[in-house]
Amino acid sequence: MFVEAARPIILTGDRTTGPLHLGHYAGSLRNRVALQDTHQQFVLLADAQALTDNIDDPEKVRRNVMEVALDYLAVGIDPTKTTICVQSMLPALAELTQLYLNFVTVSRLERNPTIKDEIQARGFERDIPAGFLCYPVAQAADITAFKAAVVPVGSDQAPMIEQTNEIVRRINRQAGRELLREAKALIPSTGRLPGADGKAKMSKSLANAISLSASPGEIRAFVDRMCTDPNHLRASDPGMVEGNVVFLYLDAFDTDHAAVEELKVRYRRGGLGDVALKHRLEEVLQQLLEPIRERRMAVSNDLGYVRDVLRSGTSRGQQITQSTLDEVRDGLGLLSFDQKV
Ligand code: TRP
């Protein structure tokens, strides 16, 4: 039986394929900064997972370990409260993955809706790298190795948590006891933010995202590009709020909710132009991103400090994941030389 930690354990991660963007901030980073005071938090720089669809560009994956670490520190993830680990340096995760793979079928992996979408988006068709198809199992290893109770993620990750819990139940059944714990996804109510064109989600691989380190000019250009209601031609026309990208972003980032509701009323009625509306959003985003950009500049001038943070976080992660691996080996009845028989 697992022992309940004094503070609930949180584990999340990000693939290190590019700098993080506003979608990550609304979807997960903001929660992490808030939760690190009341929870025991671990964050993975998921370079091993990033390799599963970037094996032709390991240099990109390596470089972005540092970039994402800078993003973490810039948004206010505090290494004295949150343990930041480099995933590929935790070998126990690979060993757990190998064991967990026996508790999942290929057809179940192929039915994972996020994997299905990603296979389509990457054009793998039938040539799916096995490591890619199996990354949800590796993610189950990530989550369970740290004994996470809560996983703050965007809604696209919900199927991963579901799949993790299925594996946990199978393993517990096999072990005949509650060897591993199930985890809960913590998904923000704002939902997934679209890119500026309003079509796809904001994605690191698509040009319509805005990174957390964007310059004031890039922020302005991003807001300018945003789609509003295509039938809202004159300021005096009534406009649609639903599906309007600018309102989606205001809902996600403007802390003055009453003012946003008022803007919605005016927009629907007619009399609020897109220029004025975008102006408000631009102000909100400039204010949000300025301190993040400044902190990022400051820490990027001290990469030795960043490396120390990762080194000590990874070392702590190694101990924790190894100890879970020992328990799982034991629970599944694998040989140990310390045993009497
Ligand atoms: N799959 C996540 C993403 O694409 C990254 C990730 C790796 C993760 N391991 C994790 C998220 C464990 C939550 C928990 O962003």
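Residues checked against (1) touching an Asp or Glu at 6+ places or on another chain (Cβ under 9 Å); (2) over 20 Å from Arg32 (Cβ atoms); (3) buried (at least 17 other Cβ atoms within 10 Å of the Cβ); (4) not β-branched (Val, Ile, Thr):
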position	(1), (2), (3), (4)
Cys134	no, yes, yes, yes
Asp142	no, no, yes, yes
Ala145	no, no, yes, yes
Val153	no, no, yes, no
Ala158	no, no, no, yes
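What residue, of Glu218, Glu182, is more than 25 Å from Ala276 (Cα to Cα), acidic (Asp, Glu) and at pLDDT 85 or above?
Within the list Glu218, Glu182, the selection yields Glu182.
Looking only at segment 91-113, which residues are more than 14 Å from Gly131 (Cβ to Cβ) and touching a Leu at 6+ places or on another chain (Cβ under 8 Å)?
Ala92, Glu95, Leu96, Leu99, Glu110
Are any residues in segment 25-56 within 12 Å of the ligand (Cβ to nearest atom) and among the small types (Gly, Ala, Ser), and if so, which ones?
Those that are within 12 Å of the ligand (Cβ to nearest atom) and among the small types (Gly, Ala, Ser): Gly27, Ser28, Ala46, Ala48, Ala50.
In segment 152-167, which residues are at pLDDT 95 or above, touching a helix residue (DSSP H, G or I) at 6+ places or on another chain (Cβ under 6 Å) and of a type in the set (A, V, I, L, M, F, W, C)?
Listed by number, the residues that qualify are Met160, Ile167.
Quick test of your reading of the structure: Phe103 fulfils all but one of (1) within 24 Å of Ile167 (Cβ to Cβ); (2) under 12 Å from the mean Cα position of the chain (by Cα). Name the failing condition by number.
Checking Phe103 against (1) within 24 Å of Ile167 (Cβ to Cβ); (2) under 12 Å from the mean Cα position of the chain (by Cα), the one that fails is (2).
Of all the residues that make up segment 134-167, how many are hydrophobic (A, V, I, L, M, F, W, C), over 14 Å from the mean Cα position of the chain (by Cα) and either within 11 Å of the ligand (Cβ to nearest atom) or not in a loop (DSSP other than H, G, I, E, B) (or both)?
Result for segment 134-167: 8.
Report, by residue number, each residue of segment 203-214 that is part of a loop (DSSP other than H, G, I, E, B) and modelled with pLDDT of 70 or more.
Scanning segment 203-214 gives Asn208, Ala209, Ile210, Leu212, Ser213, Ala214.
Exactly one of (1) among the β-branched types (Val, Ile, Thr); (2) modelled with pLDDT under 95; (3) surrounded by 14 or more Cβ atoms within 10 Å (Cβ to Cβ) is unmet by Val275. Its number?
Only one criterion is unmet by Val275, namely (3).
Name the pairs whose Cβ atoms lie under 6 Å apart, with the first residue in segment 219-237 and closer than 14 Å to Gly195 by Cα, the second assigned to a loop (DSSP other than H, G, I, E, B), and 6 or more positions between them or separate chains?
Within 6 Å, the pairs are Phe222/Ala196; Phe222/Ile210; Arg225/Ala196; Met226/Ala196; Cys227/Asp197; Cys227/Gly198; Thr228/Asn244.
So if I check each of Ile187, Ile171, which one is more than 9 Å from the ligand (Cβ to nearest atom), over 19 Å from Pro8 (Cα atoms) and either buried (at least 22 other Cβ atoms within 10 Å of the Cβ) or in contact (Cβ under 8 Å) with a residue 12 or more places away in the chain (or both)?
After ruling out the rest, the residue left standing is Ile171.
Determine if segment 76-90 includes at least one residue that is within 16 Å of the ligand (Cβ to nearest atom), over 18 Å from the mean Cα position of the chain (by Cα) and surrounded by fewer than 23 Cβ atoms within 10 Å (Cβ to Cβ).
Yes - at least one qualifying residue is present in segment 76-90.
Just need a number here: residues in segment 33-66 that are of a type in the set (A, V, I, L, M), out of contact with any strand residue (DSSP E or B) (no Cβ under 7 Å at 6 or more places or on another chain) and touching a residue at least 24 places away in the same chain (Cβ under 8 Å).
6
For segment 8-24, enumerate the residues that are more than 9 Å from the ligand (Cβ to nearest atom), under 11 Å from the mean Cα position of the chain (by Cα) and not hydrophobic (A, V, I, L, M, F, W, C).
Answer for segment 8-24, where residues must be more than 9 Å from the ligand (Cβ to nearest atom), under 11 Å from the mean Cα position of the chain (by Cα) and not hydrophobic (A, V, I, L, M, F, W, C): Thr16, His21, Gly23.
The values are calculated or read from the model by the stated rules, or taken from the named source; none is laboratory data. None of the values given here were measured: they were computed from a predicted structure. Don't worry about glycine lacking a Cβ; one is built from the backbone with ideal geometry, like all the others, and counts go over all protein chains shown.
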